[in-house]
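Notes for the one structure printed next.
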Amino acid sequence: MTENREQEALRAYLNLLEKKGADASNLKRREAFLQKLMPDLADKNPDGAIFRDVVEDVIEQIDNSDWAFTLSVAREYYPFWIKDIKAIAAMSSGEAFEVKPIQWQPQDCNLKAIWKLLDKEKFSLVETWALKAYGLALRQEGATQDMVDTRIKLVKLLLVRLRDAPDQSPKVYRVGVDSTVALFLLQDTRRLFLAVVREFYYFWIGDPEAGNYIRGETPTSHF
């Protein structure tokens with residue numbers, strides 16, 4: 001029987017996991033989630049925006065305590081779905097891909113309480129530089145002050161959540177994002193948050209070309 005694109009991508013993804021040492025329960029849990037995505041991905045163009053829309057629709061049906069895990073799985077599966085050979089090769093080599101996620105998670109928080117305090121939070125010099133650079137880039141792209149203020153506040157929320165992280169790495173950033181998105185009840189707010197943190201990531205790591213990612217299509221496999 002001929003495999004469709006989604007089934008072929010799933011098989012390749014699970015084969016890599018197995019080679020990396022994933023046990024049967026690990027594979028089964030990931031496969032169960034991806035099977036929920038596959039019907040809605042069928043016959044769709046291999047596009048990042050389409051993929052995210054499908055993922056966001058599916059996680060609406062999943063308990064938010066599982067969102068961090070399922071978002072991580074979706075992110076890993078994406079290069080297989082679009083047949084990004086370079087990204088898959090990077091995942092296959094060395095430490096570029098790990099079967100077991102890092103154990104660190106941001107501390108539980110009350111979103112309403114922390115949101116009210118964000119404007120009074122003190123940020124480090126490095127964090128302040130990143131925030132100012134992001135705000136400037138937004139304004140240069142024509143964003144209104146209200147838009148800038150909202151996006152900066154969402155970024156501040158993420159920075160506060162990352163404060164007790166063990167290091168400043170892409171993996172830690174992803175965990176912070178995935179655990180924070182589950183705090184928002186409204187899908188539109190979650191989508192805005194994800195768009196913002198995709199843009200801000202490059203300011204967070206100090207990429208001199210960070211401004212190029214404003215309002216652009218950010219590579220899903222990066223975070």
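Rule-based calculations on the coordinates, nothing more; no lab input. Small disclaimer: the values here were computed from a predicted structure and weren't measured. Positions of Cβ are backbone-derived with ideal geometry, glycine not excepted, and every protein chain shown enters the neighbour counts.
A straight Cα-to-Cα reach below 20 Å connects Lys153 with the lysines Lys112, Lys116, Lys120, Lys122, Lys132, residues fewer than 8 places away in its own chain not being considered. Largest mean-square fluctuation among Thr70, Thr180, Thr189, in a Gaussian network model of the chain whose springs join Cα atoms under 10 Å apart, belongs to Thr189. Counting only other residues whose beta carbon sits under 13 Å from that of Gln35, what net charge do I get with K and R as +1, D and E as -1? Taking every other residue near Gln35 into account, the sum is +2.
Among the listed values [x] 16.1, 48; [y] 17.0, 50; [z] 17.9, 61, the one matching Rg and Dmax of the Cα atoms in Å as calculated from this structure is [z].
A dipole drawn for the chain from +1 and -1 charges on Cβ atoms has a positive end, and of Thr128, Met38, Ala195 the residue lying farthest that way is Thr128. In percent, rounded to a whole number, the relative contact order of the chain is 23, using alpha-carbon pairs under 8 Å and six or more apart. With the chain treated as a Gaussian network of Cα nodes joined by springs under 10 Å, which of Glu76, Glu199, Glu209 yields the largest mean-square fluctuation? Highest fluctuation among the options: Glu209.
Taken over the stretch 5-92, lysine pairs spaced eight or more positions apart, or on distinct chains, with alpha carbons under 25 Å apart number 15.
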